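Below: one structure, written as structure tokens.
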2 protein chains.
Amino acid sequence: MPATTPEPPYYAVIFTTTVTGDTGAYQETALEIEKLAAQQPGYLGIESSRDATEGITVSYWNDEDAIAAWKANVDHAAARERGRAQWYATYELRVARVERAYRWSRSPEGRGNGG
Amino acid sequence: MPATTPEPPYYAVIFTTTVTGDTGAYQETALEIEKLAAQQPGYLGIESSRDATEGITVSYWNDEDAIAAWKANVDHAAARERGRAQWYATYELRVARVERAYRWSRSPEGRGNGG
């Protein structure tokens, strides 16, 4: 589901990956890391999708300080290290400031303005 | 693959969707729209991943004007309309300014700084 985020501005970390064939424990580690992220101050939400070759995870944060603190988290750092040693073939990480957002939903509780 | 984008700043459109059961012609239309996007002025690249329930597409653009022109493209507008009528259960679209980016690659041509 799209993450439920407040009115902009806030920050997004867009993490796009391709993986090697060696993805043992990848899925479990990814879920653990998502749980850890959710405990960080300034965390707003996360969205993640992975198909056969490509994954995109977008996490949302109050501000740059929250992103820096999450980057410094030791368990997160250990998982990144393991990812580089074992899982990832390539990745790109982009830090972006969300300027505006529109939500649309088929159900009546949606804001209904999809632009 | 992570899109090959220039040095920031540039813009990202993060489009997160969940779909209904009725996804006939969804995949073909999505690919057509990605091809159309690539012909737009100011287009920098696109990344897309879809699993069973959730999809994330991130397109990258030079500036807000390029995003506005793409939004106004008539074929794109028709596809959005069809998506709302048929495919999408919910979506959220976020426009964000990419401030910094790091690429890491297992192969020697990578920049090697994954932060």
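The values are calculated or read from the model by the stated rules, or taken from the named source; none is laboratory data. Only a predicted model underlies this, so the values are computations on that prediction, with no experimental measurement involved. All Cβ positions, glycine included, derive from the backbone under ideal geometry; neighbour counts span all protein chains shown. All accessible areas refer to the heavy atoms of the entire protein, side chains included, with ligands and DNA or RNA removed. Shrake-Rupley method; radii C 1.70, N 1.55, O 1.52, S 1.80 Å.
When the accessible area of the stretch A:1-80 is split by element with a 1.4 Å probe, what percent falls to carbon and sulfur? If you can, show how the numbers build up before the last one.
Details: 2130 of 3840 Å².
Percent of accessible area from carbon and sulfur atoms in the stretch A:1-80: 56.
Using only atoms on other chains, find how many Cβ atoms lie within 10 Å of each Cβ of peptide A:55-68 and report the average.
What the average comes to for A:55-68 is 2.
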Any lysines with Cα under 26 Å of the B:Lys35 Cα? List them, leaving off those in the same chain fewer than 8 positions away. B:Lys71
Residue-averaged beta-carbon neighbours from other chains (10 angstrom radius) around B:83-93: 5
Quick one: label points 7 angstrom along Cα→Cβ at A:Gln39, distances to the other copies in nm, smallest first? 5.2
Given the rule -39500 (n - 2.57) for each run of at least 4 DSSP H residues, summed and divided by the residues of chain A, what is its mean residue ellipticity at 222 nm, to the nearest 500 deg cm²/dmol? -8000 deg cm²/dmol
For Cα pairs less than 8 Å apart in space and 6+ apart in sequence, what is the mean separation divided by the residue count of chain B, i.e. the relative contact order in percent? 39 percent
Ascending list, in nanometres, of distances separating the B:Asp65 label from those of the other copies (7 Å, Cα toward Cβ): 3.7
Mind checking the dipole of the protein assembly as shown: about its Cα centre, +1 per Lys or Arg Cβ, -1 per Asp or Glu Cβ, Debye to the nearest 20? 100 debye
How large is ³J(HN,Hα), in whole Hz, for each residue of the stretch B:61-75 in order, when computed from phi with the Karplus curve 6.51 cos²θ - 1.76 cosθ + 1.60 and θ = phi - 60°, using x for Gly and Pro? 9, 4, 7, 5, 4, 5, 5, 5, 5, 5, 4, 7, 4, 5, 5
In terms of modelled amide H atoms, which long-range or inter-chain residues lie less than 5 Å from the amide H of B:Ala89? B:Thr18, B:Val19, B:Thr20
Once phi for every residue in the stretch A:21-27 is put through the Karplus expression 6.51 cos²θ - 1.76 cosθ + 1.60 (θ = phi - 60°), the whole-Hz ³J(HN,Hα) values, with Gly and Pro written as x, are x, 8, 10, x, 6, 4, 4
Cα Rg over Rh - the protein assembly as shown, Kirkwood: 0.95
Can you list the distances in nanometres, one decimal and ascending, from the B:Ala52 label point to the identical position in each other copy, with the point 7 Å along Cα to Cβ? 1.8
